[in-house]
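This report concerns only the one structure given below.
All of the numbers you see were taken from the coordinates with simple rules; none came from a lab. Note that the structure is predicted; figures quoted are calculated from it, not measured. Neighbour counts are summed over all protein chains in view; Cβ atoms, including those assigned to glycine, are modelled from backbone coordinates with ideal geometry.
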Amino acid sequence: MKLFLKIFTILLVASFGYGFYIKSSETLLGERIIGVSVLVFSFVLMPLFIAFRWKKRRIEDYIMTPESIEKMSNSLSFKKEKTKKSKK
């Protein structure tokens, strides 16, 4: 999947550059190539990339729940107590 994403990205960047190159002589065709490249990048490559990067992660680790808030407040109070003891 990683190799596929790299190749697909290179192809999209090449088609984007080719669209700018063609735009100098054939305005309509160049703009269409650039537009299709941007659309494919936005609606195909980005979701594939995001799905690939988030494949092994749990969404619960990034959601604020009462348990996670309690865990954070406990760790903060522990740090405060530790710094108070070290100052004395």
Kirkwood-based shape ratio for the chain, expressed as Rg/Rh from alpha carbons: 1.41
Ascending count of other beta-carbon atoms within 10 Å, so fewest first, for Leu76, Leu5: Leu76, Leu5
Total lysine pairs under 25 Å (Cα atoms) in the chain, excluding pairs fewer than 8 apart on one chain: 14
